[in-house]
1. What angle, in degrees between 0 and 90 and rounded to the nearest 10, separates the Cα long axis of helix 135-157 from the longest principal axis of the Cα atoms of the chain?
2. Compute the distance from the alpha-carbon center of the range 1-47 to that of the range 66-121, in whole Å.
3. Give me the net charge of Val148's neighbourhood, meaning all other residues with Cβ under 12 Å from the Cβ of Val148; Lys, Arg count +1, Asp, Glu -1.
4. Using only Cα atoms and rounding to the nearest 10 degrees, what angle (0 to 90) does helix 167-181 make with the longest principal axis of the chain?
5. Can you give the convex hull volume per residue for the Cα atoms of the range 1-48, as a whole number of Å³?
6. For the range 81-188, state the average projected area of the convex hull of the C-alpha atoms over all orientations, rounded to one decimal in nm².
7. Which entry is the computed Cα extents along the principal axes in Å for this structure: [x] 46, 40, 31; [y] 66, 41, 27; [z] 42, 34, 34?
8. Pick from Gly48, Gly122, Gly78 the residue whose mean-square fluctuation is largest in a GNM of the chain, springs joining Cα atoms under 10 Å.
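A short reminder: the numbers here are calculations on the coordinates, not readings from a lab. Keep in mind that what you see is a predicted model, and the values were worked out from it rather than measured. Here Cβ is always computed from backbone atoms with ideal geometry, including for glycine, and neighbour counts include all displayed protein chains.
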Amino acid sequence: MPRAGLSPSSVVDAALAVIDERGAEALTLAAVAARTGVAAPSLYKHVGSLADLRVGVGVRIMDELTGRLGTAALGRSGDDAVTALMHECRAYVMQHPARYAAMPVDPLHNKELAAAGGRLLGVFLAVLRGYGMTETDAVHATRCLRAVVHGFATIQAAGGFGLPEDLDETYHRLVAMYVASLPRPERS
């Protein structure tokens, strides 16, 4: 009989708390069991394995990010929407660096992860449609955006920018460079 108050969702909540406190590498069934106050074998009533738990964690992280980015882009278009996405991505990484590090880099190997990754990609593609790009060009533009945001935000989260110049100003310039690289749709 499953322990009262535990569910697959609450086990993922506990896993995220472990990650937030101790990093992605600290995620073990023993750590989650300790956090939830059960023996590790009891978790198998809610998750099939550590690999299954990692899938649940990855889905949750991508869905959180999808929700935040969708909200940031809502009611915006063009450069304003892209800028909002880039700033919200950075904000998520800065608020949840360990959680972000636990997000799967390539979710296509698992059906659930691929679906969550597809939802996340969908936010970017919806915003980039306004630039008149083909689907292929929009995927390339999304990859570039991801590389820009990921690179800057993960370096910042790791404390890698030691010079005194304002990081927000640097990021603002980086966002402007990316936005300037996007094609300008022809107006009739």
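1. 70 degrees
2. Each part's Cα centre sits 25 Å from the other's.
3. Values: positive: Arg90, Arg143, Arg146, Arg173; negative: none.
Once all neighbours under 12 Å are counted, the net charge is +4.
4. Orientation of helix 167-181: about 60 degrees from the principal axis.
5. Hull volume over Cα atoms, normalised by residue count, gives 64 Å³.
6. Directional mean of the projected Cα hull area for the range 81-188 stands at 7.7 nm².
7. Checked against the structure: label [y].
8. Per the Cα network of the chain with a 10 Å cutoff, Gly48 tops the list.
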